[in-house]
Amino acid sequence: MNIILVSSSSAKTRSVSLKLVLLVFGLASLLPVALVCALILPQAQHEHQGVIKRLPTTFNLVFASEQAHIDALAQQLGEVEAKLVRLDALGSRLSTSLALMKVK
């Protein structure tokens, strides 16, 4: 299949193959994906260790403090979930005892 381009400023018509257009768009869309994969995905244990090793040490400290903050939040979330399970158990015991009181 061909795409025919006609312009009012040019007397010539141009014909572009659909296969060529798809090839150009495919390569243009794969280039950003390849760059992202090369910069973000973990590298092998070589001299360079990806983007984080190339950053200044101040950024590494920020990442470490963020990880500590995330760990603290995860611990608090676990405590809240444990309290929720206990509250749910208490609610079921209370509903069971109220049902027994209504029967008597």
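Brief remarks follow.
- Boolean, Val80 is out of contact with any strand residue (DSSP E or B) (no Cβ under 9 Å at 6 or more places or on another chain), modelled with pLDDT of 80 or more and of a type in the set (A, V, I, L, M, F, W, C): yes
- All told, Leu55 meets the bar of being among the hydrophobic types (A, V, I, L, M, F, W, C) and at pLDDT below 70.
The values are calculated or read from the model by the stated rules, or taken from the named source; none is laboratory data. All values derive from a computational prediction rather than experimental measurement. Methodologically, a virtual Cβ is constructed for each residue, glycine included, from the backbone with ideal geometry; neighbour enumeration extends over all protein chains shown.
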